[in-house]
Structure formats: structure tokens, C-alpha cells
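Structure first, commentary second.
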């Protein structure tokens, strides 16, 4: 039989009448009172027991307070505001990476006068609050600040069959991958919504061991520009490049690049056809660095290429000197037997390079001096300034091309839906 739930006023009245008798009665009396209370109010037995024993439930004009909401917050509002400022200066990393990088950034910002005790609300207490926040807390405080915009681009990689069979396929455990110096290479097209015409490319190189990244702007995918970009990257990388791995695109699989690698005595390999994960390191950089900082606009003028080149110089300094990354070191299994990747503690590419032992003492000193001379706040402001210039130069043009492409696709789809008209004779 379904119980009828009475009004709150009736429930309060019945509770007041029975509460004293219930709290002072014996076990048998309590059982009888509880049975009658449940029958009168329609409450479940456990809920009814709480009403009869509580000092607040069932009492008119008394509201229970949620202690979780009344509890004071651990971190001050000023610390949260500084966290947002620091997060923006670091180009909006996730909480885990921010926690690993924050000490280096705070020390560098203090050394260059961006954070001064007693000025702009920067105090020792706020400093300690920022350094004590966990990654989960950081992500929770920054949730409303995150930019959730995700864009999509166009792939321009076409198979290069000319030398494919003569170039060694990279295998797990190759001897060149045991220490820094083995790079993956790829190109990113800045074509906007259409592949028609000439547009800029970015040549991306990343070290598979330490994550060092170099970006070079190319006018197009012509072999002469590819070689020029490779030469510029070799000059910028502060240690010896021993190996180079690329996909099967014709922009990198050609006689010019192969002969260039042979002249430089660089071990040259290629990925398996149609196996994108063979180049997971450089594909990650294409997404999280090139597209993140360079957007999906179309760059096809000399001015745009110059701005993009200056942007990549600043971005490479930020990624190599001030941005920690993690590397897989093995596998483990959870309680259900599912395999999970195990990663090491995040470190900057520079820190990994200094610990590798392949540098001379002079190289170590030069790199440390270069890092200490860089003001990360100025670096972030320069990145933001150059990004604003790219938006001003390319956004309207790209939006116009996108509208044209959508119009053409809509017209084509409309014609396809028209079908064939059959006329009876």
C-alpha cells in the first residue's frame, strides 16, 4: 500500500508532539512511536528516525547550514588573481604542467622585475600560496578562464614514391634514439580553407628524447625552401643532430633532402606508409605548438611570413626553455588489468638536455646564460603582439575564403540532390 506524504506543517506538528516521548522512551516504546510516525507522515523509517532525534529537523523556522559552503577557502582571492595572471603569462598550460613550471617562472619573473615584493599585490604569503596549490586545485580555479575554441585544418601530405623503397623504415630500438639528437620532421600548411595557390608552410622538427622543438617558415614546399629551412634549423639547434625521421610526403622524400642528409652525415629514416602514430612526437607539436600559437589562418604574403617567422623564434624559446613536458617510461596495469602508460616527471627540454651528459661544460654555461637572460613575461607579451598582427593580417581574408568555400560546397550539394529528371514520351 502506497504511503501518503503529508504537508510540511503537519510533519512539523507531529514531530514536536512525539520527539520528547521518543527520546526519553525505552526501546519498545521507541519502536511503537516510530511505527506511528512513519504511518502518519509517510516518511521512510531511516528519515523518520532522523526527524525524531535531530535538534533541528522538524523544528519550524530553523534552517540547517551546509558546513561545506560555510567553510573558509584555503587560498585567498589575491592568490587566485595572481594564478590567473601567471597562467596567462605561461600561455595557458594545464594544471599539471603549470605546477611543474611555476617555480622556474616565478623565480625568473622576480629576477627580471616583473614580480616585486610589496608591489602590485605581490607578497610572500601569495608566493607561498601559489607554490602550494595542487594541480587539481589549479585546474578548478582556472576552469572559467580556459579557452575552449578548437579549430580544424587541412592535411597536405602526399605520398612520395620516388625514393620510398630506398630509405630505411624507422624501427623501435634504433641505435640513434638512445640519446638526444634524433629528430622527427614534418610540414604544416598555412592554407586556410583551400589548397589553391601558394601559401606558407612551417617546417617542424622535434627531438624524440628531450622534446626540443625548432620551427622554420617556408614560402612553399619547393625542395630549395625545404633545404633552406633544414639548414636554418640545424644552425639553431644547440647540439648535434644525428638522425632525422619523416613521413612519406614528397616534400621530404626526395633526392635533394636525401643528399642533404648524406652531406651532413645525418641518419635518415622514414615512417611506415599510412601509420600516423609512427610520428607521434612531431604530430603532437604540430597540434599543440604550431596550430595553438599560429592559428588556422591563411598566410600567403611576405609580410605574413616575416611575422610568422618572428613568432616562431619567440615560441621556440618559450617551449625549449620554459615549458615542461613529460615522456613515457613504461607501462603498468590497474586493478582491472587494463594497461596504462607511465610517464616521468615533467621537465623542460633544456633541463633534459643538461642532464643528458652530451654537452661540454662551455655549452652548458652558454645555455644556462641564455635561459637566465630571457624575461618570460616579455617573451609572452611578444608572442601575444605577433599573434595580434597575424590576426589583423589574415583573419578577414581567411573568413572571406571560408565563406566562398562553403558557398561552393553548398551549390555542389544542391546540384547533386537534384537527381535525373525522367520525361515520359
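Bear in mind that the values in this text are calculations on the coordinates, not laboratory data. Predicted model, so just to flag it, every value in this text is computed and none were measured. In this analysis, Cβ positions are derived from the backbone assuming ideal geometry, glycine residues included, and neighbour counts consider all displayed protein chains.
Can you sort 274, 297, 141 by how many other beta carbons sit within 10 Å, fewest first?
On the way: 274 9, 297 23, 141 18.
Least to most surrounded, the residues fall as 274, 141, 297.
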| remark: Distance in Å, no decimals, from the C-alpha centre of region 336-350 to the one of region 222-258 is 30
| request: With everything on Cα atoms, drop me the angle between helix 8-24 and the longest principal axis of the chain, reported from 0 to 90° to the nearest 10. | output: 70
| note | Sorted on mean Cβ neighbours within 10 Å (highest first), peptides 39-46, 338-345, 277-284 come out as 277-284, 39-46, 338-345
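So, R0 is 25 Å and r is the distance between the beta-carbons of residue 272 and residue 179; what FRET efficiency does that work out to, to 0.05?
Details: r = 24 Å, r/R0 = 0.96.
Plugging the Cβ-Cβ distance into 1/(1 + (r/R0)^6) gives 0.55.
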| field | Linear extension gain, residue 284 paired with residue 336, 0.36 nm per residue minus alpha-carbon span | value | 15.8 nm
| query | For region 77-145, treating each Cα as an identical point scatterer without solvent, what Debye log10 I(q)/I(0) comes out at q = 0.19, 0.24, 0.29 1/Å? | reply | -0.68, -1.12, -1.60
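By count of other Cβ within 10 Å, fewest leading, how are 398, 31 ordered? Please list the in-between numbers first.
Numbers: 398 21, 31 11.
Starting with the residue having the fewest Cβ neighbours, the order is 31, 398.
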| Counting only DSSP beta bridges with both residues in the chain, what percent are antiparallel, rounded to the nearest 5? | 70
| query | Any idea what log10 I(q)/I(0) is at q = 0.12, 0.16, 0.18, 0.21 Å⁻¹ for region 224-318, Debye with uniform C-alpha scatterers and no solvent? | reply | -0.47, -0.86, -1.09, -1.38
| message | What does the C-alpha gyration tensor say about the overall shape of region 164-400? Classify as rounded when a/c is under 1.5, otherwise prolate if a/b is larger than b/c, or oblate. | response | rounded
| query | Full extension from residue 313 to residue 35: what is 0.36 nm times the residue separation minus their Cα-Cα distance, to one decimal in nm? | reply | 92.3 nm
| query | Over all distinct alpha-carbon pairs, what is the Kirkwood Rh of the chain in angstrom? | reply | 27.0
| task | Subtract the Cα-Cα distance of residue 369 and residue 222 from 0.36 nm times their separation in residues, and report this length gain in nm to one decimal. | result | 49.2 nm
| field | For 388, 336, 356, order by how many other beta-carbon atoms lie within 10 Å, fewest first | value | 336, 388, 356
